[in-house]
Amino acid sequence: MRIRHHATTPVLLLRLGSWQAERAEMEPGTYREGHGYRDGMSSRELVDSTRAWGKLDPDRVAGEGINLAVAVHQGVTRAVVRIGDLFQRSDGRWAFSAALVTGDQIFDEWVGPRGRSVEFARGNQNPVAYWTPG
């Protein structure tokens, strides 16, 4: 994986595909209207797409001190969210509570005004990646 800017904050990188409209329950009583990425999506849609449902390793997230996730679509960072409580569904996929990060040093480091370039290894289809500096 190649990060084309100087990043110092460890993050969970989550690749989002194209937007798929699909109403689904996330937690009891909490729904999202779709997943993925599209221009003009609301902040809530972007947070919900970023926070659920991936094959995460919660021990690795904790062990590497990762408390932020970055949404990536077509090689460009789109959002940063703070990772809250993690929870698992019956198929083994994970989600987490999340809050959008805007207008601070971490947002500038990972997204900025136009997004940052992130290049995943050629042929890598895994939508989840762990990035730590070093």
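Derivation of every value follows stated rules applied to the coordinates shown; laboratory data play no part. The structure displayed is predicted, hence computed values, not measured ones. Positions of Cβ are backbone-derived with ideal geometry, glycine not excepted, and every protein chain shown enters the neighbour counts.
Could you list, in sequence order, the residues of region 37-64 that are within 19 Å of Leu12 (Cβ to Cβ), surrounded by fewer than 16 Cβ atoms within 10 Å (Cβ to Cβ) and in contact with a Ser or Thr (Cβ under 8 Å, 6 or more places away or on another chain)? If the condition is that a residue be within 19 Å of Leu12 (Cβ to Cβ), surrounded by fewer than 16 Cβ atoms within 10 Å (Cβ to Cβ) and in contact with a Ser or Thr (Cβ under 8 Å, 6 or more places away or on another chain), then Glu64 is the only one that fits. If the condition is being surrounded by 13 or more Cβ atoms within 10 Å (Cβ to Cβ) and outside any strand (DSSP E or B), then region 21-36 contributes only Gly36.
If you go through region 64-112 and keep only what is touching a strand residue (DSSP E or B) at 6+ places or on another chain (Cβ under 6 Å), among the polar types (S, T, N, Q) and in a loop (DSSP other than H, G, I, E, B), you end up with just Asn67.
Tallying residues that are more than 16 Å from Ala129 (Cα to Cα), touching a residue at least 24 places away in the same chain (Cβ under 8 Å), outside any helix (DSSP H, G or I) and out of contact with any helix residue (DSSP H, G or I) (no Cβ under 7 Å at 6 or more places or on another chain) within region 37-63 yields 0.
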